[in-house]
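Taking it in order: structure first as structure tokens, then the write-up.
Derivation of every value follows stated rules applied to the coordinates shown; laboratory data play no part. From a predicted model like this one, the values you see are computed outputs, not experimental measurements. Every residue, glycine as well, gets a Cβ built from its backbone with ideal geometry; the counts of neighbours run over all protein chains shown.
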Amino acid sequence: MSGFVEKPEPVHVPGLVHLHTGKVRELYQNEAGELVMVASDRISAYDWVLPSTIPDKGRILTQLSLWWFEQLADLVPNHVLSTDLPAGAPADWAGRTVVCRPLRMVPVECVARGYLTGSGLAEYEQSRTVCGLALPEGLSDGSELPAPIFTPATKAEVGEHDENVAYEDVARRVGPETAAQLRQLTMAVYHRGRDLARDRGIILADTKFEFGFETAGDSGGEGGERLVLGDEVLTPDSSRFWLAADWEPGRAQRPFDKQYVRDWLSGPESGWDRRSEQPPPELPAHVVERTRDTYAEAYRLLTGTPFE
Ligand SMILES: Nc1ncnc2c1ncn2[C@@H]1O[C@H](COP(=O)(O)OP(=O)(O)O)[C@@H](O)[C@H]1O
Ligand SMILES: [Mg+2]
């Protein structure tokens, strides 16, 4: 079992058409045909969107993503148009709303990994490969890879796991030129993010990007269409961040943001068995509060500025 414990109702705003309820974000289209992305305070763990929310999470992750888009602007164009609130939107959307250029999304989750864990580790243990790429013997959970690798995946529906695929599958699916560009951009952005995070005591173990093509009439230039970085970037929701000081290969690393949530859910106090069919329970206030602080702390460490 997995998915939403309680499916949220999207807010109705005149002039906006609701397109999609994601695990964490609501997607709308405005009358200009632009995309309005609203991050909520929802949090997921163990494949569930939990019944509790984390105050400020939507604003912290939106601000972090916007900060990263700026850091990356010389490497790749991005979809951000503005952070203005649409007319008639609730005041509490401020700080967690991004108006974006609508892109024709490439149906590939562009994952870069500098460290071995998660689905990469599972494949490695079977075959000493990740997405078909051969890796040396002797790596364990959390090991740094000899060099970062591009490990694409195909997108799954809510509650299902993305499927890792070989580079050749991506090339077949989107064409060799686009595949090569996706890989090049993904690795360039990963390297920038990894180095910047490392300087600030944080390991960027892996991360996922989504790219799209500018839709017709948008690009202005002649020649081929341009790939643009979309979605959110280098937030804890799309990336694994570990505290460098706690890193110790050979065991599961504690996720910087969700450590208290996972510890509590998997501990005796929650009374919850994640292998059961039961949905997870509400988080107690102290777990919510400490988790809110970890998001604020991730923001502060990475950007060098306290949140608010
Ligand atoms: N600029 C964009 N144009 C069009 N679609 C986008 C853009 N940026 C992101 N998306 C898409 O918007 C959706 C966001 O959904 P998301 O909140 O991530 O929910 P989910 O939990 O279903 O992934 C994704 O399908 C993503 O590919
Ligand atoms: Mg998504």
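Once a ≥ b ≥ c are taken as the square roots of the eigenvalues of the Cα gyration tensor of segment 105-246, is the result rounded (a/c under 1.5), prolate (a/b larger than b/c) or oblate (a/b not larger than b/c)? Prolate.
What's log10 of I(q)/I(0) for segment 191-308 at q = 0.20 Å⁻¹, Debye sum over Cα points only, no solvent? Once normalised to I(0) and log-transformed, intensities are -1.13. Whole-Hz Karplus values for segment 181-188 come out as 5, 4, 5, 5, 5, 4, 6, 4 Hz, taken residue by residue from phi with 6.51 cos²θ - 1.76 cosθ + 1.60 and θ = phi - 60°; glycine and proline positions read x.
In this structure the amide hydrogen of THR117, modeled in the peptide plane, comes within under 5 Å of the amide hydrogens of GLY142, none closer than 5 places in sequence on its chain.
Using C-alpha pairs below 8 Å separated by at least 6 residues, the relative contact order for the chain is 20 percent. Based on the convex hull around the alpha carbon atoms, segment 3-102 presents an average projected area of 6.8 nm².
Calculated FRET efficiency, HIS161 to ASP199, Cβ-Cβ distance, R0 = 25 Å: about 0.20 to the nearest 0.05.
Across all directions, the average flat footprint of the convex hull enclosing the Cα atoms of the chain is 16.5 nm². Descending by average beta-carbon neighbour count within 10 Å, the peptides 197-205, 3-11 line up as 197-205, 3-11, the highest first.
Evaluating 6.51 cos²θ - 1.76 cosθ + 1.60 at θ = phi - 60° for every residue in segment 5-11, the Karplus couplings come out as 6, 10, 5, x, 8, x, 6 Hz, glycine and proline recorded as x.
Normalised by the number of residues in segment 105-246, the mean separation of alpha-carbon contacts (under 8 Å, six or more apart) gives a relative contact order of 26 percent. What fraction, in whole percent, of alpha-carbon pairs in segment 96-184 exceed 21 Å separation? Counting pairs separated by more than 21 Å, the tail of P(r) holds 39 percent. Helical runs (DSSP H, four residues minimum) scored at -39500 (n - 2.57) apiece and divided by the length of the chain put the mean residue ellipticity at 222 nm at -9000 deg cm²/dmol. Charge dipole (Cα centre; +1 on Lys/Arg Cβ, -1 on Asp/Glu Cβ; no other charges) of segment 3-102 amounts to roughly 160 debye.
The amide H of THR215, built 1.01 Å from its N in the peptide plane, has ARG104 as neighbours under 5 Å, considering only residues 5 or more places off or on other chains. Taking every C-alpha pair closer than 8 Å and separated by at least 6 residues, the mean separation divided by the residue count of segment 3-102 gives a relative contact order of 26 percent.
Other residues whose C-beta falls under 10 angstrom from the C-beta of TYR115 contribute a net charge of 0, scoring Lys and Arg +1 and Asp and Glu -1. Take the Cα of HIS286, step 7 Å toward its Cβ, do the same at LEU301, and the gap between the two points is 2.2 nm. Length gained on full extension, ASP263 to TRP247, computed as 0.36 nm times the residue gap minus the Cα-Cα distance: 4.1 nm.
Once Lys and Arg get +1 and Asp and Glu get -1 on their Cβ, which of PRO280, ALA112, GLY22 lies farthest toward the positive end of the dipole of the chain? Towards the positive end, the residue furthest out is ALA112.
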